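Worksheet: the structure to be examined is printed underneath.
The values are calculated or read from the model by the stated rules, or taken from the named source; none is laboratory data. Computed from a predicted structure; not experimentally measured. No Cβ is skipped: glycine too gets one built from the backbone with ideal geometry, and neighbour counts run over all protein chains shown.
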Amino acid sequence: MILFPTSGGDELEYEQRGLIDAIGGVIEAGAVKAFCVNINHGDSFANRHAHPFHRSWMQRQYDDYVRHEVIPFARHHCQSPDAAVWTMGASLGAYHAANTLFKHPDIVKRCFALSGVYDMKRFMNGAYDDNFYFNNPVDYLANISDPAMLGHLSTCDVHIATGTGPFEHSGESYRLSQILTSRGIPHHLDDWGPLGGHDWPYWTHQMQEYLRQG
């Protein structure tokens, strides 16, 4: 399971916030291995000093890095060249977790996207190019028609988690779910109600429950 941090975090965030300890039982039991990575948000979408097309190009580079470096490294570490890969992320990390599965559903088979944002137009100052389109889930998923991609997506276990708890804005999750439904892509829209807040205690509880269920 590849864990993507929030916009202000790094590869140490999940350990420092206690989430790794909270799911330590399933890790120690050998049910899952956790690989925490950094994101390049400061060099891509959040880089206000760069041209918007540089921001989207940097996001494309990051997706290539995850696909061609992180995933092979994780599989090598697991001593299994074809191990199924999961992704997980909270807040901005949910975007990366979901985008990675949606772009590579032949490899990434499960996703836990908690309190996510899935439309990155707010970072592009009105600019738009192919690199952005193919890394903006609400856009490319709305038009997906390739039978092979849809076939792979039908085999994936996608969890989009939201709720009515503090600081949570569920509109993005519901919008993504509606788009997936319109394309016939199976998924779970998990509305945790008051247990679905935009903060670490909520995300930690959700991941404990998801992994407890297997």
Single residue of segment 45-65 satisfying the filter (of a type in the set (Ser, Thr, Tyr) and out of contact with any helix residue (DSSP H, G or I) (no Cβ under 7 Å at 6 or more places or on another chain)) that is surrounded by the fewest Cβ atoms within 10 Å (Cβ to Cβ): Tyr65
Residues that are β-branched (Val, Ile, Thr) and touching a helix residue (DSSP H, G or I) at 6+ places or on another chain (Cβ under 7 Å), drawn from segment 172-197: Ile179, Ile185
Count of residues meeting criterion [more than 18 Å from the chain's Cα centre (by Cα), of a type in the set (A, V, I, L, M, F, W, C) and in a helix (DSSP H, G or I)] in segment 128-148: 1
Extreme residue, nearest to the chain's Cα centre (by Cα), among residues of segment 100-113 that are in a helix (DSSP H, G or I) and closer than 14 Å to Ile185 by Cβ: Leu101
Complete set of residues in segment 66-85 that are within 15 Å of Lys103 (Cβ to Cβ) and surrounded by 14 or more Cβ atoms within 10 Å (Cβ to Cβ): Val66, Arg67, Val70, Ile71, Val85
Among the residues listed as Gly89, Gly42, the single one being of a type outside the set (A, V, I, L, M), at pLDDT below 95 and either over 9 Å from the mean Cα position of the chain (by Cα) or within 24 Å of Leu189 (Cβ to Cβ) (or both): Gly42
From Ile20, Ile27, residue being touching a residue at least 12 places away in the same chain (Cβ under 8 Å), closer than 22 Å to His77 by Cα and either of a type in the set (Val, Ile, Thr) or not in a loop (DSSP other than H, G, I, E, B) (or both): Ile20
Qualifying residue in segment 155-167 (condition: in contact with a helix residue (DSSP H, G or I) (Cβ under 8 Å, 6 or more places away or on another chain), surrounded by fewer than 13 Cβ atoms within 10 Å (Cβ to Cβ) and in contact (Cβ under 8 Å) with a residue 40 or more places away in the chain): no
